[in-house]
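Read the structure below first, then the notes.
The values are calculated or read from the model by the stated rules, or taken from the named source; none is laboratory data. Predicted, not measured: the structure shown is a model, and the values here were computed from it. All Cβ positions, glycine included, derive from the backbone under ideal geometry; neighbour counts span all protein chains shown. Keep in mind that these areas ignore ligands, DNA and RNA; they rest on the heavy atoms of the full protein, side chains included. Shrake-Rupley method; radii C 1.70, N 1.55, O 1.52, S 1.80 Å.
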Amino acid sequence: MPSVSVRRSKRLTPLPALGPLYLVLVVICGALVVEALAAGRYAEPRLIPLLIIFGAAYAGTRQGIYLVGDQLVLRLGLGSSVVPLNRVREFTLRPEPGKAGKRLLWVELLDGTQIPTSVGVSRNLFSPVVRMPFEKLVALVEQLDTHRRQAS
């Protein structure tokens, strides 16, 4: 049976490049939905698109890498991958296949599986990845490697 104890989650990456826009959309859509529901307009046609935009913007703000206990949580949109740190062989920075100007953080597991993350260096301001300067990305890799060694 899995433990139900409370664990602290630590976000290791900043908001995505479009993070401030996502936050504004969450606030505006949330306020409009609450206003419509408070006024009793449950069948208003704009509620469904507002809820979809709210969900997409919220998913965009959650994007990044989190450390939860001895597990690494990779969140991209609505999905997430949980990787125990003791199963990680190494963290590497590599160019994204087919895109010369973008380098991503990759996680290589002990069984040889390579997982690309949504964290990287991109020249495109409107890239959906979590953009970080190269120096900060190298510091993140060092920090993750330290946590990996402590978990082993």
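Wrap a convex hull around the Cα atoms of the chain, take a quarter of its surface area, and give that in square nanometres.
Computing the convex hull of the Cα atoms and averaging its projections yields 12.0 nm².
Amide H to amide H under 5 Å from T13: which residues, 5+ apart in sequence or cross-chain, H placed 1.01 Å off N in plane?
I65
Taking the chain as a Gaussian network, where each spring joins two C-alpha atoms under 10 Å apart, which residue of G79, G64, G55 fluctuates the most?
Comparing G79, G64, G55 in the GNM, the peak value goes to G79.
Can you put D111, D145 in order of accessible area, largest first, using a 1.4 Å probe? Working shown, then result.
Numbers: D111 105, D145 40 Å².
Solvent-accessible surface, decreasing: D111, D145.
Counting pairs of alpha carbon atoms under 8 Å apart in space and at least six apart in sequence, what relative contact order in percent does the chain give?
Once divided by the residue count of the chain, the mean separation gives 22 percent.
Trypsin sites (Lys or Arg not before Pro), restricted to segment 4-55: which are DSSP loop and have at most 13 other Cβ atoms within 10 Å?
Hits after loop and neighbour filter: R7, R8, R41, R46.
Between beta-carbons, use under 14 Å as the cut-off and find the net charge around T92, counting Lys and Arg +1, Asp and Glu -1.
Taking every other residue near T92 into account, the sum is -1.
Taking H placed 1.01 Å from N in the peptide plane, check which residues at least 5 places from E96 or on another chain put their amide H under 5 Å from its amide H.
K102, R103, L104
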